1. How many of the residues in the stretch 206-235 are more than 10 Å from the ligand (Cβ to nearest atom), touching a helix residue (DSSP H, G or I) at 6+ places or on another chain (Cβ under 9 Å) and in a strand (DSSP E or B)?
2. Please identify the pairs in which a residue from the stretch 243-256 that is open to solvent by 20 Å² or more (accessible area, probe 1.4 Å) has its Cβ atom under 6 Å from the Cβ atom of a residue that is near the ligand (Cβ under 7 Å from one of its atoms), counting only partners at least 6 apart or on another chain.
3. Inside the stretch 150-169, can you point out the residues that are more than 13 Å from the ligand (Cβ to nearest atom), open to solvent by 10 Å² or more (accessible area, probe 1.4 Å) and in contact with a strand residue (DSSP E or B) (Cβ under 8 Å, 6 or more places away or on another chain)?
4. What number of residues within the stretch 75-91 satisfy the criterion of being within 15 Å of the ligand (Cβ to nearest atom) and either farther than 18 Å from Leu169 by Cα or more than 12 Å from the chain's Cα centre (by Cα) (or both)?
5. Contact list please: Cβ distance under 9 Å, first residue in the stretch 102-120 and touching a residue at least 60 places away in the same chain (Cβ under 8 Å) and away from the ligand (no atom under 12 Å from the Cβ), second residue of a type in the set (Ser, Thr, Tyr) and open to solvent by 10 Å² or more (accessible area, probe 1.4 Å), pairs at least six apart or on different chains.
6. If you check every pair at least six apart or on different chains, which have Cβ atoms under 7 Å apart with a residue in the stretch 74-98 that is under 17 Å from Gly18 (Cβ atoms) first and a residue that is of a type in the set (Asp, Glu) and assigned to a helix (DSSP H, G or I) second?
7. On the given criteria, is Asp185 modelled with pLDDT under 95 and open to solvent by 30 Å² or more (accessible area, probe 1.4 Å)?
8. Answer yes or no as to whether Phe17 is part of a helix (DSSP H, G or I) and open to solvent by less than 60 Å² (accessible area, probe 1.4 Å).
Amino acid sequence: MSPADADAFPAPRYAVFGQPVSHSLSPAIHAAFARQQAIALRYEAIEAAPEAFADALARFAEGGGRGANVTLPLKQAAVDLCATLGDSARRAGAVNTLVRDGAGWRGENTDGRGLVRDLTERAGLDLRARRTLLIGAGGAARGVAPALLDAGIGDLYIVNRTGARADALADALGEPGRVHSRYLDDIGALGEFELIVHATSAGRGAPPPALPRALLAPRAAVVDLNYGEAAVPFLAWARASGAHDAIDGLGMLVEQAAESFALWHGVRPETDTVYAELRARQNLLVTAD
Ligand code: NAP
């Protein structure tokens, strides 16, 4: 295509919305998938405060935006901006993927499928019947909880700094015999867990919640949805506490992106190469400090 043709037929626009979003690896991941699949697209990071998100998304649609990812703290707010919701987003009450559908947005949530795929296929974990602790009740926790239940975990305990949000998530999941919300302060009395998922954003600023070692059952897997520097404190606690597996959120990030890519372009990209490249880059950055 000549430069003149490229101006006349610009590549379709995609984006990730969040605040902060400048650190996001999503533009690099989607650019790599697009090269792999020989699909022309532009994918940018758009910073949007919660109060400015609706206008920013409307401008993006007017400018030809075909699809977007949504990251913190906008995943729950995105639900109200959708004309329709797919099953994953409806169950989560949170949206991480927007697909332009006629005149409106269809909301989807690929976080849960991405996490389960990373844990079962990349890390080789059998999640079935694992007594599970989910720490956090924001957009990410909402995205992963339904998929973990579908993957066959045992009882799910949800704790969150703001207890009411843990209650709301437990209610929304609609399985009172299996899903329980508890106060963060009571965490020491909850017994042992075979799977612990850290889904707060605390690692980015304040230290993550201080947790007792006794939470870990023998051979427990501990997962932090954060990656890079933000995952270091929680995974250091996990290893020091004897976790059998300590897994960060980099694999989930790549897998949820692949699921979004499939929704937009109809083809699921191969993820191992992109994951290996990002892992090598992250290792360099984390060990360089
Ligand atoms: P969010 O909707 O803003 O929710 C933030 C959560 O963190 C809430 O549960 C909040 O508790 C809790 N929190 C924040 N600061 C805390 C602190 N100092 N102590 C205890 N709890 C604290 O964000 P989100 O979308 O759920 O994202 C959460 C994290 O997951 C982010 O760091 C994000 O990067 C990561 N994530 C990773 C992936 C991936 O693909 N790997 C995907 C999604 C998200 P309150 O309710 O009390 O405020």
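1. 4
2. Asp248/Tyr227
3. Within the stretch 150-169, Gly154, Asp155, Tyr157 qualify.
4. Number satisfying all stated conditions: 7.
5. Matching pairs, first to second residue: Glu108/Ser88.
6. What qualifies is Asn96/Asp111.
7. Judged against the criteria, Asp185 is a match.
8. For Phe17, the condition - part of a helix (DSSP H, G or I) and open to solvent by less than 60 Å² (accessible area, probe 1.4 Å) - is not met.
The values are calculated or read from the model by the stated rules, or taken from the named source; none is laboratory data. Bear in mind the structure is a predicted one, so any value in this text is a computation, not a measurement. A quick note on method: Cβ atoms are made from the backbone with ideal geometry, for glycine too, and the neighbour counts reach across all protein chains shown. In case anyone asks, the SASA skips ligands and DNA or RNA and just uses the protein heavy atoms, side chains included. Shrake-Rupley method; radii C 1.70, N 1.55, O 1.52, S 1.80 Å.
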